[in-house]
Amino acid sequence: MPNAARELHLLLVEDDPVDLQLMRRALEGQPLTQLDVCESGEAALSYLLRHRPDLVLLDLNLPDVSGYEVLSWLRNSPEHTHTPVVVLSAESGDQARTRAMELEATTFLTKPARGDDLVGVVRAINEFWLHMVMSSPR
């Protein structure tokens, strides 16, 4: 039986202040979710040296170290090689999707243009992964 007290430890890597505010709104009040935020690729790498999130929501276009570089680092790190990474990016072209999937992203989603739609997508991701964490031992 799953441990009812188990939280989903979610790392959000996002530099756009509007998207960040919308994603935080999506996760406010969500049960059993611990949210940590990094607003740059460099901050994400520093964070990941000290923490093991259950899920990473990753933007690709970051101001210093790109999301692709963060994803590559995760997949080459023994501690994080199996950490699910959902790329959630404004880039919608096949080239971005292909590159992210070649770097072994768990999935690639294009950020919806409308804020309410983004909130819905982030809530759905959270609910799905929370269910996955709650139904499997760590």
Discussion item. Only one of Val122, Val86 is under 13 Å from the mean Cα position of the chain (by Cα) and either among the aromatic types (Phe, Trp, Tyr) or in a helix (DSSP H, G or I) (or both). Can you tell me which?
Written reply: Val122
Worksheet entry | Residue pairs meeting the criteria (Cβ under 7 Å; at least 6 apart or on separate chains; first under 16 Å from Glu104 (Cβ atoms), in the stretch 43-57; second among the basic types (Lys, Arg) and surrounded by fewer than 18 Cβ atoms within 10 Å (Cβ to Cβ)) | none
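Could you grab me the full set of residues in the stretch 52-76 that are part of a loop (DSSP other than H, G, I, E, B) and among the polar types (S, T, N, Q)?
Asn61, Ser66, listed by residue number.
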Worksheet item: How many residues, within the stretch 16-30, are assigned to a helix (DSSP H, G or I) and either exposed (fewer than 15 other Cβ atoms within 10 Å of the Cβ) or modelled with pLDDT of 95 or more (or both)?
Response: 3
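I'd like the residue in the stretch 36-59 that is buried (at least 19 other Cβ atoms within 10 Å of the Cβ) and of a type in the set (A, V, I, L, M, F, W, C) and, out of all such residues, is farthest from Asp116 (Cα to Cα).
Looking at the filtered set, the residue picked out is Leu48.
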Item to complete: Identify the residue in the stretch 1-15 that is surrounded by 12 or more Cβ atoms within 10 Å (Cβ to Cβ) and out of contact with any strand residue (DSSP E or B) (no Cβ under 8 Å at 6 or more places or on another chain) and, among all such residues, is modelled with the highest pLDDT.
Response: Asp15
Worksheet item: Residue check, Thr33 against (1) closer than 17 Å to Thr107 by Cβ; (2) surrounded by 14 or more Cβ atoms within 10 Å (Cβ to Cβ); (3) modelled with pLDDT under 95; (4) not basic (Lys, Arg), all met but one. Which one?
Response: (1)
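The values are calculated or read from the model by the stated rules, or taken from the named source; none is laboratory data. In this text the structure is predicted, and so the values were computed from the model without any measurement. A quick note on method: Cβ atoms are made from the backbone with ideal geometry, for glycine too, and the neighbour counts reach across all protein chains shown.
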